[in-house]
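A short worksheet on the structure shown next.
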């Protein structure tokens, strides 16, 4: 099998070679530093066999601590699994759902037994157990097994959310097998990838607890989401936490009410109620907005915020974004709040005959979206 390396050279490997074999073939130092490999843009475990391309030579890159976002996502995913390992040991009867890496860290969602409530005060205990598993250097071992066998296993462990996920995979992906990852005493349903072992996690911190509905549906049970982050050095972690603290100090949700610009109410989640001082700023910004738009040839318009759902079916919003939109029934018609101005402005464009000589046509609107 041939692979193209980042420097343009070709690496030849025998059939059945793994990512670890690829790193070792390049050099012993790289083999020691390797966390994973990236083949044609897909990050894969070191232990997984590589597959050659049918056409063009596939690209191969060895992921190390210096690989930026790919490396961070990898160890944050690892840390999420170690978090679940610790929580399952410390809280018998807990049910686990999902635990992915995210932009600045990771999270894992848990369903704790009745009467058990997690808070920030529990973090020290959980982190200590996590450090024990990290120090043990437990390998992440992937296993691909029949979906029915995995379902039976998680059902026997009363892990209902994993059973639902397996059912979804079988139904939506027509899959007859799924992958499991084991580190120490913990086995999870997971696509991967993961690093070689838990001791490649250098530093981490649990950050907050929040509620999260299963599948993001308010009709489902609310789970406990634990957020955290991980880095390759304490310096990077400290700098990240400092940035978060600075962001909190500048948080408009805190500063706005303090300065008397607006208030927030649980009766209007996500919608500020503007106070007189805030409206002074609003009006000044609006005046600047109108002035700058006029210079650039924009003409101001005003359109409704509620439309028949047929508009969003035509625009594509219904198919692509309806789960994130708001709808209501009005006199037997399904109506939706507009998520953006574009569909309405298309109606303005269609209102009269146009010529290419009319272009560009520039509309501006302070729309409530």
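The values are calculated or read from the model by the stated rules, or taken from the named source; none is laboratory data. Everything numeric in this text was worked out from a predicted model, so none of it was measured. When we count neighbours, we look across all protein chains shown, and the Cβ atoms used for this are built from the backbone with ideal geometry, even at glycine.
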Anything in the stretch 100-130 that is assigned to a loop (DSSP other than H, G, I, E, B) and more than 17 Å from residue 221 (Cβ to Cβ)? List them, or say none.
100, 103, 104, 119
Select from the stretch 103-121 the residues that are surrounded by 13 or more Cβ atoms within 10 Å (Cβ to Cβ) and under 22 Å from the mean Cα position of the chain (by Cα) and write down the one among them that is nearest to residue 215 (Cα to Cα).
109
Does residue 133 fit the bill of being modelled with pLDDT of 95 or more and in a helix (DSSP H, G or I)?
yes
Of all residues in the stretch 208-235 being farther than 30 Å from residue 115 by Cβ and in contact with a helix residue (DSSP H, G or I) (Cβ under 9 Å, 6 or more places away or on another chain), which is surrounded by the most Cβ atoms within 10 Å (Cβ to Cβ)?
230
Taking residue 178, is it part of a strand (DSSP E or B), touching a helix residue (DSSP H, G or I) at 6+ places or on another chain (Cβ under 6 Å) and without any contact (Cβ under 8 Å) to a residue 40 or more places away in the chain?
yes
Answer yes or no: is there a residue in the stretch 308-316 that is surrounded by 11 or more Cβ atoms within 10 Å (Cβ to Cβ), touching a strand residue (DSSP E or B) at 6+ places or on another chain (Cβ under 9 Å) and over 30 Å from residue 219 (Cβ atoms).
no
Of the residues that sit in the stretch 324-369 and are under 26 Å from the mean Cα position of the chain (by Cα) and without any contact (Cβ under 8 Å) to a residue 40 or more places away in the chain, which one is nearest to residue 216 (Cα to Cα)?
324
Restricting attention to the stretch 140-159, which residues are touching a strand residue (DSSP E or B) at 6+ places or on another chain (Cβ under 8 Å), over 19 Å from residue 81 (Cβ atoms) and surrounded by 13 or more Cβ atoms within 10 Å (Cβ to Cβ)?
147
Quick check on residue 256: is it at positive phi, not assigned by TED's automatic domain parsing to the domain that holds residue 121 and not in a strand (DSSP E or B)?
no
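Could you pull out every one of the helices (runs of 4 or more DSSP H) wholly within the stretch 283-369 that has 1 or more residues that are assigned by TED's automatic domain parsing to the domain that holds residue 217 and closer than 29 Å to residue 261 by Cα? Quick ask: steps written out before the conclusion?
Values: elements: 309-315, 317-321, 342-349.
Answer list for the stretch 283-369: none.
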